Amino acid sequence: MAAAGIAFLTAVELGDLLRRRQASSEEIVTELLGRIDRLNPELGAFITVCGQAAIDSARRADRALARGKPRSPLHGVPFAVKDALWTEGVRTTNGSRLFADFVPREDATAVARLRAAGGVLLGKLNMTELAFGGTLAPPFGMPRNPWDPSRTTGGSSSGSASALAAGLCPITLGGDTGGSIRLPASFCGVVGLKPTWGRVSRHGLMPLAEPFDCAGPLGRTAQDVALALQVIAGRDAKDATSSDRPVPDYARAARRGAQGMRVGVIRELMESDLLDSRVARLVVEALDMLKRSGAAIEEVSIPLIRFSSEIYVATAEPEVAARHRPDLVQRAGDIDVLPRRRLLSASLVPAALRARILPLREALQGQVDGALRSVDVLAAPTAPTAATPIAEPPSLTSKEEAWLGAVAGRSLFTNPFNVTAHPALSVPCGFTAEGLPVGLQLVARPFREDETLRIAAAYQAATDWHRRHPDL
Amino acid sequence: MGDLRPEHVKALALAVGLTIADDDLTDVTFRLGATLDRLGALDALDLLRVGGAAGAGRGDEVGRRPGRAAPRADRRAAAARRDRGAATGLPRRGAASGAPARSGPRGKR
C-alpha cells in the first residue's frame, strides 16, 4: 500500500488490514517514520521519535498477529503521546527545559494500557511548556498547524492534534486541564475527547492542577477515539481518584447513530460576543446536519457558564503556581516568558478569594447537570475562533486585554467542563473560507463519554470533513 | 478593586519569596490586576445562596451536586440576554435548575 494511503487510514482500518494480514505493523510503522522524518522538521509535532524501538515493537506485534492472537483491535497500530505522559526509558520533557533530562522508569498507565493492547509507540509529541499557556519560544521547536504552518495548532496537546492532521500517526494521547485536548483538536481538524475526571487514570500524567487534569485520546474519527478510550479507561490501583465504574462498549455506542438523541445548544456560548460569526455559522450548520440525522435540537441555558473562567483562574491556576513554585524560585530563567508570567501572576492570587469561588463552582456543576437532565448531550463551539497566526503577543497595555488575551484566553468555551468535570469532545464541523478547521464541542453527563462518541460518529457518518487532509 | 501598581506587585512577590524581573513586571501587574478585578466583581453575587454552604460534602466521585439556582443578579443578566433573542433560533429550555422552561432560563426562586 502506498505511503499516502497508509498515512490517512484510520486506526479501525489499519487494525482490519493487520488482522487480514494485508499489511504488517512493521510496514505501517516504517512508512509513518519516513513521513515523520520528512514533515516533522517543518511541523514540530514530535519532540522524540522512537525509531528503532517502534520497529522492534511492530515486529513483536506482527509475530503475535501471525499466531492469530491479537490482544485488541489496536494490536499493531501505532500511537504517539503528549510529552507530559511518562514513557519508560524515553525522555519525558513536559515541553520544558526543566525536564529536559527526565527519563521515567515506568509508563503512565494510559500508555502502558495501549502498549499492553498491542499498540506501537511511535514517539513523544510536542506541547506548550508545562501545559500552561502559550509559549513564545518552545524549547523543542514551534508546533505548526498542518492546515497552515503560519497558524497555531492550539495547545497544550499541540503535537497530539497536528500529528493526526498531518497523517503522522492514527491515534494519540493528550492531557486536558482547561481545553488542552479539545482546542488543538478543533484547530487541527481532528477528534479529541476529555473524559470525565476519574474515567482515565492520571498516573504518569505530569500534573498541572489535579482536580482538573485528565488524560484522553485523539484520533481522526470518533470510532478511533472510542477504540483508544476503551483501552485506557477504567480503575487503576496507581491512581486512587480513578473510577471503578464499569467501562461501556464505546465502539458499539459509536455505531448507534443519532436517531432519538436530544442535543441542547448552550445559548450563552452561542451568543458570546467573542464568538467569530464564521465559527457560529459552521456550528449551526452542523446542528442542522444532526437534526437531519435524527437528533432533536433545542436550546438550553447555563447562566453561570459566563463565570467559568473566573472559577478556573481562581482555583486551577494557583494550584499550578504552587506546584511550580520551586522552579519559579530557582530556575525562572529556564521557563519561557509567557508561562513564567502566568505562573508569577497566579502565585499572587489571595487564598481568600479562591475560597469564595468554590460555591460558584458547585453551582455551575449543578446548572450543567440540570441542563443534562433535559437533553442527552450539550453542544457549543469548541473555540470562539479558528486557528490564529503564530505571532509574538503584543505587550499588555490594559487589564481587559490581559484578561481576554492572556488570562482567560482561548479556553473560555472549554474550561467550563474542566471546572464541572463533565466529559467533552471536539469533532471537526467544517472549514472557514481560509481553509481552517472548526470544532463542534459535545458534552455529556458524567461517565457518559459514549453519548458524545455516538453523536460525533453519527455526524462524521453524515459528513466528510474528516476525510479532507492538508496538502503537505 | 483599586488599581494595582507595579511596585505593589513587586513587593507582594518579594513578601512570598518570588522575584519578578523588570521585563516581566508590567505584564504580571496587568494579569494580576485583571484577575483580582474579575474575582472581586463576584462579590456582587450572593455566593452563599448560589452553591449552598461552602465545604458541603461532595455528591459523588466527580464532586457534583444536584442543580441549584442561579444568583439573582445572574438571573437578571440572563433575562436581559433572553430579551436580545437567540443566536440559533432553536426551541428553548431553561436549565438553571434543570427544570424545563418554555421561554428561557429559570432557577429556583
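The values are calculated or read from the model by the stated rules, or taken from the named source; none is laboratory data. Note that this is a predicted model, so its numbers are computed, not measured. Quick reminder, even Gly has a Cβ in these numbers, built from the backbone with ideal geometry, and neighbours come from all protein chains shown.
Which pairs have Cβ atoms under 8 Å, sit 6 or more apart or on different chains, and link a residue in the stretch A:116-129 that is touching a residue at least 40 places away in the same chain (Cβ under 8 Å) to one that is crowded, with 24+ Cβ neighbours inside 10 Å and among the acidic types (Asp, Glu)?
A:124/A:83; A:125/A:83; A:126/A:83; A:127/A:83
Would you tally the residues in the stretch A:115-156 being under 18 Å from the mean Cα position of the chain (by Cα), at pLDDT 95 or above and among the aromatic types (Phe, Trp, Tyr)?
1
Have a look at A:358, A:396, A:338, A:328 and point out the one that is of a type outside the set (D, E, K, R), at the interface with another protein chain (Cβ under 7 Å from one of its Cβ atoms), over 24 Å from residue A:271 (Cβ atoms) and in contact with a Leu (Cβ under 8 Å, 6 or more places away or on another chain). Quick ask: steps written out before the conclusion?
Working: A:358 fails: in contact with a Leu (Cβ under 8 Å, 6 or more places away or on another chain); A:396 fails: in contact with a Leu (Cβ under 8 Å, 6 or more places away or on another chain); A:338 fails: at the interface with another protein chain (Cβ under 7 Å from one of its Cβ atoms).
Going through A:358, A:396, A:338, A:328 in turn, just one is of a type outside the set (D, E, K, R), at the interface with another protein chain (Cβ under 7 Å from one of its Cβ atoms), over 24 Å from residue A:271 (Cβ atoms) and in contact with a Leu (Cβ under 8 Å, 6 or more places away or on another chain): A:328.
So which residues in the stretch A:160-208 are within 14 Å of chain B (Cβ to nearest Cβ) and farther than 24 Å from residue A:50 by Cβ, if there are any at all?
Correct list: A:194, A:195, A:196, A:197, A:198, A:199.
Residues of the stretch A:239-268 being part of a helix (DSSP H, G or I), within 14 Å of another protein chain (Cβ to nearest Cβ) and surrounded by fewer than 23 Cβ atoms within 10 Å (Cβ to Cβ), which ones?
Matches in the stretch A:239-268: A:268 only.
Would you check if residue A:401 is within 14 Å of another protein chain (Cβ to nearest Cβ) and modelled with pLDDT under 95?
yes
Do we find that residue A:273 is part of a loop (DSSP other than H, G, I, E, B) and at pLDDT below 95 in this structure?
For residue A:273, the condition - part of a loop (DSSP other than H, G, I, E, B) and at pLDDT below 95 - is met.
Working carefully through the options A:301, A:308, A:345, A:272, find the one that is touching a residue at least 24 places away in the same chain (Cβ under 8 Å) and more than 11 Å from chain B (Cβ to nearest Cβ).
A:308
Hey, any hits in the stretch A:435-443 for a residue that's assigned to a helix (DSSP H, G or I) and closer than 29 Å to residue A:303 by Cβ?
no
Look through A:388, A:432, A:420 and report the one residue that is of a type outside the set (Lys, Arg), within 13 Å of chain B (Cβ to nearest Cβ) and more than 15 Å from the chain's Cα centre (by Cα). Outline the logic, then answer.
Numbers: A:388 fails: within 13 Å of chain B (Cβ to nearest Cβ); A:432 fails: within 13 Å of chain B (Cβ to nearest Cβ).
Just a single option satisfies the conditions, and that option is A:420.
Can you tell me how many residues in the stretch A:348-372 are of a type in the set (A, V, I, L, M, F, W, C) and in contact (Cβ under 8 Å) with a residue 60 or more places away in the chain?
Final tally of qualifying residues: 4.
Considering only residues that are β-branched (Val, Ile, Thr) and part of a loop (DSSP other than H, G, I, E, B), which ones fall in the stretch A:276-303? Give the steps one after another, and end with the answer.
Of the stretch A:276-303, the ones β-branched (Val, Ile, Thr) are A:279, A:283-284, A:297, A:300, A:302.
Selection gives A:302 alone.
What is the number of the single condition among (1) away from chain B (no Cβ under 14 Å); (2) at pLDDT below 95; (3) surrounded by fewer than 22 Cβ atoms within 10 Å (Cβ to Cβ) that residue A:450 does not meet?
(2)
Among the residues of the stretch A:328-343, what is the count of those that are surrounded by fewer than 19 Cβ atoms within 10 Å (Cβ to Cβ) and under 17 Å from residue A:100 (Cα atoms)?
Number satisfying all stated conditions: 5.
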